[in-house]
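Data block below; observations after.
The values are calculated or read from the model by the stated rules, or taken from the named source; none is laboratory data. As the structure is a computational prediction, the values presented were derived from the model and not from experiment. Cβ placement follows ideal geometry from the backbone for every residue including glycine, while neighbour counts extend to all protein chains displayed. Note: accessible area is taken over every heavy atom of the protein model, side chains too, but ligands, DNA and RNA are not part of it. Shrake-Rupley method; radii C 1.70, N 1.55, O 1.52, S 1.80 Å.
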Amino acid sequence: MCGIIGYIGPKSVVPVLIEGLKKLEYRGYDSAGIAVVDKGKVQVRRVKGKIIELEESLRKSPLGGTYGLGHTRWATHGRPSEENAHPHRDCTGQLVIVHNGIIENYLALKLRLRDEGHVFRTETDTEVIAHLIEKYFQGSLEEAMRAAIAELEGAFAVSAISAKDRNKIVAAKLGPPVVVGLGDGEYLLSSDVNPIICHTQNVAFLEDGEMAVIGPAGVTFSDFKGNPVQKKIERIAWNPMMIEKRGFKHFMLKEIFEQPEVVRDTLLGRTSLDSGKVLLDEIGISPQVLRRVRKVVLLACGTSYHAGLVGKYFLESLAQVPVDVEYASEFRYRDFILDKETLGIVISQSGETADTLAALRASKDKCAAVLAVTNSVSSSIAREAHGVLYTHAGPEIGVAATKTFTAQMTALVLIALYLAQVKGKMDDRASLEFIEEFQRIPHKMEKILRQAKTIEDLALNFVAFSHFLYLGRWVNYPVALEGALKLKEISYIHAEAYPGGEMKHGPIALIDENMPTMAIIPKDRVYDKMLSNISEIKARLGYVLAVAQENDPQIRERVDEVIPVPSAHPLLMPFLTIVPLQLFAYYIAAKRGADVDQPRNLAKSVTVE
Ligand code: M6R
């Protein structure tokens, strides 16, 4: 977590850092700070709170300078406070660093450095890095950084500037991401591409064990031993407009509305309506390898895990392979059993989630291949997996994942069809029919989005509730989980999701007039069962809202409120049923005055374990 930014070039550095931090704020937002070099001196400004507070502080008392660093924090060691905010200083205050990650041996280092006379001012793990660099500094900032990081255990993206070795910013990576932007006479460092693309679309991604030094005349790359490294310069296709709100009150709402486009974009060019074939040569795992696959294991966290749960139904129904779906954060600590006939699929919007990356690393050599599904080009997960299928969702800024969820489900449909194709489990005609059904989904999503106002009016009746139950069955059970997660994370209302059939085994005891139920009940193979589950709730005076198909008149007799959605192939209903649940959570949270795009305690990219 945390976002780091560095800039050196002709532009006024403070506005560049502030604008960059705003684009990184989704990574953490409990405190923020910048350090700039002005007239040969390092000046630091830090605040508790969000970038807006930092901006306010700089408005009251401006800083100038020609280059500098910025940081937005998600606290791990040390509470959110001005003192614990980055940049952190050495004893002189003239060498400063920003850090994303965790230094596991910081306590031992701190005690040793203290004995050697260094004075610590914060409760953070990060501060040891500044003092270590100070200790080893003999005129070259990069050499001192190299010596310092050799002593660190843990994960770091760290960047430093020093008044004693001027006109350069040094960065090193072991774990969390560092992207270098190479503009026209200007260079940037950042935790992701978002702050860079308004300056340049040319970037290089540091690998673990690599360092970069940026200065007014260019950038040099090396490894931790000091050997030069040649980096590939990549061109990012995203444009700056993609990270604007475009008239929507929040990024989350904009991103919910982008979903039809995202499904279209993720499908684009990957299916043939002539042959009924799915065209996925791009993934980089050969059909020969996939043909031998007898089992699939999906690994992910949070919303990506929920997409994986939906993917299980696609893969089992279409490709007819058994599928396990595992929390990456749990899987990695298990005595898991994989074999060379198992395909691993890791799903991660950011491509940087530490638990998912660790699960990928743990499973990589133990199975046939690991395929990554990610939205982040050249992210760690994309680079380390054997193959990758990119979702084309564009940048997702809202901390609560929405459009990347539907993009991941789209990717999983494609993978399921492709696997079915190479394994001969589905003929071209059946595949074509399914693809044609799928291509109608974006249009149906648009129809639901046109009902947003009705969903808002309905949602406003539930703003004061403290608990919610979400029920779904079969392929819509994961949708219930995702709907409940959305409500929890942005509105702070307690919400639990269950498969409808589990209610009678305990949760039904919760039902009373203060516990409304959101039931997802399309007309699929478990429709009648869900109706019975709903009746059991109604019989106990529970209030039931239902997301149901618009061609289902009888549901209106059975529940208190209905949110209608169009009909589709039963396996594809999650693409439709999730949309009202996202809107429902959004409107409740917005009405409660919650910080929808940056909910408390969360961060977009969880790069700590
Ligand atoms: O970047 P990832 O997809 O790996 O992130 C996984 C989770 O951290 C993420 O989905 C999280 O649960 C979101 N806040 C959900 O809205």
*Identify, from the list Y313, Y327, the residue that is within 16 Å of the ligand (Cβ to nearest atom) and on the phi < 0 side of the Ramachandran plot.*
Y327
*Conditions: (1) within 30 Å of I435 (Cα to Cα); (2) of a type in the set (A, V, I, L, M, F, W, C); (3) modelled with pLDDT under 90. M252 meets all but one. Number of the miss?*
(3)
*Scan segment 80-100 for residues that are among the hydroxyl-bearing types (S, T, Y), closer than 23 Å to S191 by Cα and modelled with pLDDT of 95 or more and jot them down.*
none
*Only one residue in I149, I103 is modelled with pLDDT under 95 and surrounded by 18 or more Cβ atoms within 10 Å (Cβ to Cβ). Which one?*
I103
*asked:* Suppose we filter segment 106-146 for residues that are among the basic types (K, R) and either closer than 21 Å to I4 by Cβ or open to solvent by less than 80 Å² (accessible area, probe 1.4 Å) (or both); how many remain?
replied: 4
*asked:* Out of the residues in segment 382-392 meeting the condition of being assigned to a loop (DSSP other than H, G, I, E, B) and surrounded by 24 or more Cβ atoms within 10 Å (Cβ to Cβ), tell me which one is nearest to the ligand (Cβ to nearest atom).
replied: T391
*asked:* For segment 563-570, check the following and say yes or no: at least one residue is outside the structural domain of S304 (by TED's automatic domain parsing) and either assigned to a helix (DSSP H, G or I) or within 16 Å of the ligand (Cβ to nearest atom) (or both).
replied: yes
*How many residues does segment 527-539 hold that are in contact (Cβ under 8 Å) with a residue 24 or more places away in the chain and surrounded by fewer than 21 Cβ atoms within 10 Å (Cβ to Cβ)?*
3
_Anything in segment 273-291 that is touching a Gly at 6+ places or on another chain (Cβ under 9 Å) and open to solvent by 50 Å² or more (accessible area, probe 1.4 Å)? List them, or say none._
L279, E282, G284, R291
*Could you list, in sequence order, the residues of segment 186-202 that are outside any loop (DSSP other than H, G, I, E, B) and in contact (Cβ under 8 Å) with a residue 40 or more places away in the chain?*
Y187, L188, L189, S190
_Leading residue by the ranking (farthest from V178 (Cα to Cα)) among those in segment 7-31 that are in a strand (DSSP E or B) and modelled with pLDDT of 95 or more_ = I8
*Of residues in segment 50-77 being out of contact with any helix residue (DSSP H, G or I) (no Cβ under 9 Å at 6 or more places or on another chain) and in a loop (DSSP other than H, G, I, E, B), the one surrounded by the fewest Cβ atoms within 10 Å (Cβ to Cβ)*: S61
*Given R294, R270, which one is assigned by TED's automatic domain parsing to the domain that holds A420, loosely packed, with under 15 Cβ neighbours inside 10 Å, closer than 30 Å to A480 by Cα and in contact with an Asp or Glu (Cβ under 9 Å, 6 or more places away or on another chain)?*
R294
_Scan of segment 349-381 for residues that are closer than 18 Å to I285 by Cβ, away from the ligand (no atom under 12 Å from the Cβ) and part of a helix (DSSP H, G or I), ordered by number_ = R361, S363, K364, D365, K366
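Yes/no matrix, rows are residues, columns are (1) assigned to a helix (DSSP H, G or I); (2) aliphatic (A, V, I, L, M); (3) more than 33 Å from the chain's Cα centre (by Cα):
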{"site": "L109", "(1), (2), (3)": "yes, yes, no"}
{"site": "G117", "(1), (2), (3)": "no, no, yes"}
{"site": "H131", "(1), (2), (3)": "yes, no, no"}
{"site": "L152", "(1), (2), (3)": "no, yes, no"}
{"site": "F156", "(1), (2), (3)": "no, no, no"}
{"site": "I161", "(1), (2), (3)": "no, yes, no"}
{"site": "A172", "(1), (2), (3)": "no, yes, no"}
{"site": "D184", "(1), (2), (3)": "no, no, no"}
_segment 312-348, residues that are of a type outside the set (K, R), closer than 17 Å to Q408 by Cα and assigned to a helix (DSSP H, G or I)_ = Y313, F314, L315, E316, L318, A328
*asked:* Among the residues of segment 254-265, are any part of a loop (DSSP other than H, G, I, E, B), in contact with a Pro (Cβ under 9 Å, 6 or more places away or on another chain) and not aliphatic (A, V, I, L, M)?
replied: no
*Considering only segment 17-37, state which residues are out of contact with any helix residue (DSSP H, G or I) (no Cβ under 9 Å at 6 or more places or on another chain) and open to solvent by 10 Å² or more (accessible area, probe 1.4 Å).*
E19, D30
_Set V325, V370, V377: member being open to solvent by less than 10 Å² (accessible area, probe 1.4 Å) and either of a type in the set (A, V, I, L, M) or free of Cβ contacts under 8 Å to residues at least 24 places away in the same chain (or both)_ = V370
*Considering only segment 273-311, state which residues are free of Cβ contacts under 8 Å to residues at least 60 places away in the same chain, in a helix (DSSP H, G or I) and under 27 Å from R332 (Cβ atoms).*
Y305
*Would you pick out the residues in segment 470-488 that are of a type in the set (D, E, K, R) and open to solvent by 10 Å² or more (accessible area, probe 1.4 Å)?*
R473, K488
*Among the candidates F248, F224, which residue alone is open to solvent by 60 Å² or more (accessible area, probe 1.4 Å) and aromatic (F, W, Y)?*
F248
*Out of all the residues in segment 510-526, which are open to solvent by 90 Å² or more (accessible area, probe 1.4 Å) and at pLDDT 95 or above?*
K523, R525
*Could we say that G302 is within 14 Å of the ligand (Cβ to nearest atom) and within 13 Å of I415 (Cβ to Cβ) here?*
no
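Let's see how each residue does on (1) within 15 Å of the ligand (Cβ to nearest atom); (2) open to solvent by less than 10 Å² (accessible area, probe 1.4 Å); (3) touching a residue at least 40 places away in the same chain (Cβ under 8 Å); (4) within 29 Å of the chain's Cα centre (by Cα):
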position: L541; (1), (2), (3), (4): no, no, no, no
position: E550; (1), (2), (3), (4): no, no, no, no
position: R556; (1), (2), (3), (4): no, no, no, no
position: E561; (1), (2), (3), (4): no, no, yes, no
position: Q582; (1), (2), (3), (4): yes, yes, yes, yes
position: Y587; (1), (2), (3), (4): no, no, yes, yes
position: A594; (1), (2), (3), (4): yes, no, yes, yes
position: L602; (1), (2), (3), (4): yes, no, yes, yes
position: V608; (1), (2), (3), (4): yes, no, yes, yes
